[in-house]
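Taking it in order: structure first as structure tokens, then the write-up.
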Amino acid sequence: MAGQSDPNVSIFSGEEVEFMAEDEMVEIVPNMRMEPLNMLCGDFGPFYPQMATQVPMWLAIALKKRGKCTIRPPEWMSVENLTQILEAERESQAAFQVLPFHYVEISSLLFDYASGDIPDLYMVRSLINDIRDARFLKVESSLESFEDARSSAVKVKNLSAMEVNVVRPFVGRALQAFYKHGSPDLVPNPEAMSARRPQATDNIQRRPLRRR
Amino acid sequence: MDPLLQETVLEKAGSIVRKVGSFLKMESYYDIDDILVEGQRVPVVFQQAVNGVDIDPSAETHCVEPGSKVELPYWLAHELHLRKVAKMKVPACFNQRTKLELGADGASVDLRSRCLYFYEFGCKIAPLVSDRDMGSFLLSAFRTRYQKILAKAHNAAFTAHSKLLSYLTKEETNLYEAAQSSMAAFKKWRIGGPRFERASVLGRKRKEAN
């Protein structure tokens, strides 16, 4: 599936990634009584005042806009947890911390629609911004090193949807170019290459993937 | 295996390979960049005399002597080379000087002025010319320059890199612009605009009933 906003480029726009993130479940506390909602994607409810229930993000936002519920921010959005994650992100240059796949979009949606329901809003917002910036720097530095291995693949674990989406066009093109230039038709005499640069050719067979 | 059968099988395999090859070629048939790459000029040396052609309008005779050096577009030189009428030489943009410069500081060499389609052209030329190192040379050149593009592409503003952009070949520019546009799209989303587009009819005031 390709993005729909621009037919020429196979990339999702930020809005499209956000749309996908709206299917993530979130806990709400309704303040009204309502029959269960039977949707194609599942049944939600019934809703009773002060009884927490799980609904998708889009439904939570729709109810929130009408003042029918409060949204409980997910557990990972607490100040302690985010501080820990930020520290861990800054400590290790290689590994990425485990965060929800759509953490950028979910947090941004919650800041926009349910800012009143998030305790320590200011703190949480700046922590998430810091985490995102720190992670993006690491994405860049990991892309810098992957071409040393002379591989046509790169492995980076625990990236989130938005981070992947931002680097997708660049990485796709770059890998294609490396693949093209590294093809055996163009580098036809490995024995001559190995005489000049033995360490480079040794890596080809042994490390098809750069592990992270 | 029966030798006749073996021959048939080999022939079949060969035809499949040829078909796949021609299909892959067709893939770039309508690609304007590919057409422009094939228009790049290559120096050739004629191996045989060719009658009835005017390559140089000021020449006195209507024939080309063997051993004469001419610059021809790649698509023509390629066909002549395959028919062994002419022999291709390494084009000027892949000369020893460029190689040395790229080896010294690959990231700041102005490849755009030498050949806008440096890599694509190099890939096409590499199997035809006698230079065996061409492929690995292209790869190492791209690798050094890739790092520079990566470092610049995802951060600062467009204007700050106009100098860098003037050095990049077509392929590198595409890479750079892909990164820039996706980063710009992300920033636009993060800052956010109106989440709902208001239909134009909704804003209007009701017409007064006459």
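Counting only residues that are surrounded by 15 or more Cβ atoms within 10 Å (Cβ to Cβ) and of a type in the set (A, V, I, L, M), which one in the range A:1-19 is modelled with the lowest pLDDT?
A:Val9
Are there helices (runs of 4 or more DSSP H) fully within the range B:88-197 with at least 1 residues that are polar (S, T, N, Q) and buried (at least 17 other Cβ atoms within 10 Å of the Cβ)? List them.
Filter on the range B:88-197 gives B:96-105, B:134-153, B:170-191.
Hey, B:Lys124 hits all of (1) out of contact with any Lys or Arg (no Cβ under 6 Å at 6 or more places or on another chain); (2) within 17 Å of B:Phe46 (Cβ to Cβ); (3) not aliphatic (A, V, I, L, M) but one; which does it fall short on?
Result: B:Lys124 passes all but (2).
Within the range A:15-35, which residues are of a type in the set (A, V, I, L, M, F, W, C), within 14 Å of chain B (Cβ to nearest Cβ) and in contact (Cβ under 8 Å) with a residue 24 or more places away in the chain?
A:Val17, A:Met20, A:Ala21, listed by residue number.
Among (1) more than 14 Å from chain B (Cβ to nearest Cβ); (2) surrounded by 14 or more Cβ atoms within 10 Å (Cβ to Cβ); (3) out of contact with any helix residue (DSSP H, G or I) (no Cβ under 8 Å at 6 or more places or on another chain); (4) among the acidic types (Asp, Glu), there is one condition A:Asp43 misses while meeting the rest; what is its number?
(2)
In the range A:60-69, is there at least one residue being at pLDDT 90 or above, of a type in the set (Gly, Ala, Ser) and surrounded by 14 or more Cβ atoms within 10 Å (Cβ to Cβ)?
yes
Taking the range A:151-182 as the search range and keeping residues that are of a type in the set (A, V, I, L, M, F, W, C) and touching a Lys or Arg at 6+ places or on another chain (Cβ under 7 Å), which one is farthest from the other protein chains (Cβ to nearest Cβ)?
The residue in question is A:Val156.
The values are calculated or read from the model by the stated rules, or taken from the named source; none is laboratory data. Just so it is clear, the model here is predicted, and its values are computed rather than measured. Neighbour counts are summed over all protein chains in view; Cβ atoms, including those assigned to glycine, are modelled from backbone coordinates with ideal geometry.
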